[in-house]
Every structure is written in structure tokens, then in C-alpha cells.
1. Please enumerate the residues belonging to region 80-123 that are at positive phi and under 23 Å from the mean Cα position of the chain (by Cα).
2. If you check Ser59, Ser41, which single one turns out to be in contact with a Phe, Trp or Tyr (Cβ under 8 Å, 6 or more places away or on another chain) and of a type in the set (Ser, Thr, Tyr)?
3. Give the residues of region 126-152 that are in a strand (DSSP E or B) and over 20 Å from Tyr110 (Cβ atoms), sorted by residue number.
4. Out of all the residues in region 89-105, which are surrounded by fewer than 20 Cβ atoms within 10 Å (Cβ to Cβ) and either outside the structural domain of Asp135 (by the TED database) or within 18 Å of Ser133 (Cα to Cα) (or both)?
5. Name the single residue that is surrounded by the most Cβ atoms within 10 Å (Cβ to Cβ) among those in region 148-163 being touching a residue at least 40 places away in the same chain (Cβ under 8 Å) and closer than 16 Å to Arg75 by Cβ.
6. So, in region 124-147, of the ones that are more than 14 Å from Val63 (Cβ to Cβ) and within 14 Å of the chain's Cα centre (by Cα), which residue ends up surrounded by the fewest Cβ atoms within 10 Å (Cβ to Cβ)?
7. Find the strands (runs of 3 or more DSSP E) located wholly in region 82-121 whose residues include 3 or more that are at pLDDT below 90 and of a type in the set (Gly, Ala, Ser), and list them.
Amino acid sequence: MRRGNMENIKREKGLVHTVCVLAVICMFGISAMMLGSVGASVYKNIAERNLNSFELRTSLSYVKTKINQYDEVGRIAVEERDGLKMLILSEEVQGEIFDTAVYFNKGKLYEITGARGMKFKPDDGFAILNVDSFDISENNGLIKLVTTDDGETETLYVKLRNS
């Protein structure tokens, strides 16, 4: 009988050992799934934030590039026309002066090019990007660009080389 009792004890120890190993494996699996879920959530938040700030960064970068392309004396001005603040970029083509106006209207950043003095409606321009607001100002050769989108605001200063 003693021998049968010992076999039962060994079997119970083996069963307890197996249950403990399975419990550890299950805990590891659950931990791995939770970690994967948290990682996916963090990645999703980062991706959404990057997507949301795309228009914000791109609008500033676009206008800065336009300023750099036209950065010569007398070719860049900030003006107000019909209640809209505009960045006016001028160039001469075959003796005629053309102005490119970059401006914000109704939640969009617009651009329009035409002969100097041309009259246009704000909606006539080409819509570049959607942003909540965009402001352009100039002071002693320093252009300040401020844009807001989805509650985030970014400011960029561009120093004119030839001011």
C-alpha cells in the first residue's frame, strides 16, 4: 500500500507541476497580448498625431519655400486686399509683371497667379491645404507665419535675405 500511496503523491506532484507550468505559459501569453495591444494603441496615437499635423507643417513649409524662391529685393510683400491678408510674390516675365498671391480664406490656404493689378474673388484661387487659420505678417524683413489646425498652433519666422 505504501507503494500505491507514493505513486499517488508523485502523480499529484506531477499534476501540480504541470498546472504551474501551464499557468506561467498562460500568464506569459496574456502579458504578450496586453503588451501588443498597448503598443498598437501607442502606434495608432502617433500615426494620428502625425497625420493631423501634416497640414500644419506642410502649410508653413510650402509658404517658406515660395518665399525662398522669390527672395529678391522688391519681389515679396505682405498686403491686405479686400479684407484678406496676402503674401504677394512678384516676378517679371517678358516685360510684364505677374503677382502670385498666397492667402487664407474660409479654412483653406489659397494661391493665385495673374498679371499685376488683376481683380479676383477669393474662391478663384487654387486651394492648397485645409487649415483652421493662417496669418502672415512682415516687420523689417522678417516674415512671420502662424498657422493653426486641430487646436495646434505653429509659428515660423523667415528672414528675407535681401531686405
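The values are calculated or read from the model by the stated rules, or taken from the named source; none is laboratory data. Everything quoted here is computed from the prediction, not taken from an experiment. Neighbour counts are summed over all protein chains in view; Cβ atoms, including those assigned to glycine, are modelled from backbone coordinates with ideal geometry.
1. Within region 80-123, Lys106, Gly107 meet the criteria.
2. Working: Ser41 fails: in contact with a Phe, Trp or Tyr (Cβ under 8 Å, 6 or more places away or on another chain).
After applying the criteria, what remains is Ser59.
3. Answer for region 126-152, where residues must be in a strand (DSSP E or B) and over 20 Å from Tyr110 (Cβ atoms): Asn139, Leu142, Glu152.
4. Filtering region 89-105 for residues surrounded by fewer than 20 Cβ atoms within 10 Å (Cβ to Cβ) gives 90-100, 105.
The answer is Asn105, and nothing else.
5. Looking at the filtered set, the residue picked out is Val158.
6. Residue satisfying both the conditions and the ranking: Asn130.
7. Numbers: elements: 84-93, 96-105, 108-115.
Qualifying strands (runs of 3 or more DSSP E): none found.
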